[in-house]
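Working notes, structure below.
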Amino acid sequence: MQIKPSFQQFRQALYQILPKRADATLDLIDALTVAGHVASPVALSEEVPFRRKFSSVYDVLSEGELNSAALQTLLSEHQPDSCELLAGYEVYGLDATPDERPEAETLAERGLLKAQKNDPVRLGQKFSWVMRLVKPGTSWVAPWDVRRIKSDSNDNQTAVAQVKELDEQSESLKVVVADSLYANQFFLAVFLVVRHIVALVRLRQNLKLYEKPLPKPVGMKGAPRKHGPVFKMAHPHRVADRTAAFQFGRQSVRLSAWHGLHLAKLPTLVGLALRVEFLKADGTPAISDRCGCSGPGRKLCPSKRCAACICGASPWSTLFGL
């Protein structure tokens, strides 16, 4: 008996969860996969996989239906066996990306796109992506969920909803990796309630962490303290709980980890801080005079003035694991 390839099984399962216009929807998906630049929706009708008239494109877009919950379950069930696992964890990337649409004045909930204070104002929509890392050392990913960040929501609220759904999808261990924009109490609080996901987020250099609070002295009045001593990554007051060193190509890298730390506004969530140092030949951190970046990341650093930027290649880059 011939076993059907996994891709064909996926197509058949996808067909079953399309309640309306299933054949035309699959044709449209096939047309999108082979099309180059798409000038308009109707242009997809000229692609070879689309076997219908041009009017069917609009029929699919207006009458077709897609069960998002069933699709997410289907994507989880058909993930390739070769997808990357780190220490037994499935690795997912989380980020929000803008879609500039300045010419579309009637676009639903078109808003202002501005990430930083001095950035120019742009018009368009913003989308939150959750993607599974597929192959080590490459940029290939498998999108698990993408949704528009609505005008009555924000990046963190949308990401929280996505993380909760990802946790409920399966009982496999997962880690969600995010940049410093998600290193706040609004997003990280979700990891107090999820059961199968941990977070690994980048921290801004000037963000303060706190040790566990000291025991309250006997006979002292008042509520117990929520925070212990301040922990500064650039100048830690105690020796790292664990260190490791390795070679990344020709670059020497040293990792230092401190356990039992928390954010000021989220004392109930305790994790570890990880410092990444790029080393010179003599074993000292390779720090530039102009910027905190060094090694392979110096040319990529967007900052020309900071002493500790967050581009990801700084010798004092920090990650916070929960």
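I'm trying to understand the selection: among the residues of the stretch 157-172, which are among the polar types (S, T, N, Q), under 18 Å from LEU75 (Cβ atoms) and crowded, with 16+ Cβ neighbours inside 10 Å? Reasoning before the result, please.
Keep residues of the stretch 157-172 that are among the polar types (S, T, N, Q), which gives 157-158, 162, 169-170, 172.
Narrowing the set further to residues that are under 18 Å from LEU75 (Cβ atoms) leaves 162, 169-170, 172.
GLN162, GLN169 - these are the residues of the stretch 157-172 that are among the polar types (S, T, N, Q), under 18 Å from LEU75 (Cβ atoms) and crowded, with 16+ Cβ neighbours inside 10 Å.
Go through (1) loosely packed, with under 14 Cβ neighbours inside 10 Å; (2) part of a loop (DSSP other than H, G, I, E, B) and name the single condition TYR15 misses.
Only one criterion is unmet by TYR15, namely (2).
Of all residues in the stretch 203-246 being under 17 Å from VAL270 (Cβ atoms) and of a type in the set (Gly, Ala, Ser), which is nearest to the chain's Cα centre (by Cα)?
ALA240
Of these, GLY88, GLY93, GLY36, which one is under 27 Å from VAL141 (Cα atoms), loosely packed, with under 12 Cβ neighbours inside 10 Å and touching a residue at least 60 places away in the same chain (Cβ under 8 Å)?
After applying the criteria, what remains is GLY88.
Within the stretch 268-290, track down each residue that is of a type in the set (Gly, Ala, Ser) and either in contact with a Pro (Cβ under 8 Å, 6 or more places away or on another chain) or part of a strand (DSSP E or B) (or both).
Of everything in the stretch 268-290, those that are of a type in the set (Gly, Ala, Ser) and either in contact with a Pro (Cβ under 8 Å, 6 or more places away or on another chain) or part of a strand (DSSP E or B) (or both) turn out to be GLY271, ALA273, ALA286.
Across the stretch 214-235, what is the number of residues that are free of Cβ contacts under 8 Å to residues at least 24 places away in the same chain and either in contact with a His (Cβ under 6 Å, 6 or more places away or on another chain) or in a loop (DSSP other than H, G, I, E, B) (or both)? Give the derivation first.
First, pick out the residues of the stretch 214-235 that are free of Cβ contacts under 8 Å to residues at least 24 places away in the same chain: 214-225, 228-230, 235.
Next, only the ones that are either in contact with a His (Cβ under 6 Å, 6 or more places away or on another chain) or in a loop (DSSP other than H, G, I, E, B) (or both) stay: 214-225, 228-229, 235.
Result for the stretch 214-235: 15.
Given the residues ASN154, ASN118, which is the only one that is surrounded by fewer than 11 Cβ atoms within 10 Å (Cβ to Cβ) and more than 25 Å from GLU90 (Cβ to Cβ)?
ASN118
Considering only residues that are small (Gly, Ala, Ser) and under 11 Å from ILE197 (Cβ atoms), look in the stretch 146-177 and name the one that is modelled with the highest pLDDT.
SER172
Being modelled with pLDDT of 85 or more and farther than 16 Å from ARG202 by Cβ is the filter here, so list the residues in the stretch 269-283 that pass it.
Across the stretch 269-283, the qualifying residues are LEU269, VAL270, LEU279, LYS280.
Scanning for something among the small types (Gly, Ala, Ser), surrounded by fewer than 17 Cβ atoms within 10 Å (Cβ to Cβ), assigned to a loop (DSSP other than H, G, I, E, B) and without any contact (Cβ under 8 Å) to a residue 24 or more places away in the chain, does the stretch 260-267 turn up at least one residue?
No, that holds for no residue.
Any idea which of (1) part of a loop (DSSP other than H, G, I, E, B); (2) polar (S, T, N, Q); (3) under 24 Å from the mean Cα position of the chain (by Cα) is the one SER76 doesn't satisfy?
(1)
Can you spot a residue in the stretch 180-201 that is assigned to a loop (DSSP other than H, G, I, E, B) and of a type in the set (S, T, N, Q)? First the steps, then the outcome.
First pass over the stretch 180-201, keeping only residues assigned to a loop (DSSP other than H, G, I, E, B): 183-184, 193-196.
Narrowing the set further to residues that are of a type in the set (S, T, N, Q) leaves 184.
Within the stretch 180-201, one or more residues are assigned to a loop (DSSP other than H, G, I, E, B) and of a type in the set (S, T, N, Q).
The values are calculated or read from the model by the stated rules, or taken from the named source; none is laboratory data. Only a predicted model underlies this, so the values are computations on that prediction, with no experimental measurement involved. We place every Cβ from the backbone using ideal geometry, glycine too, and count neighbours over all the protein chains shown.
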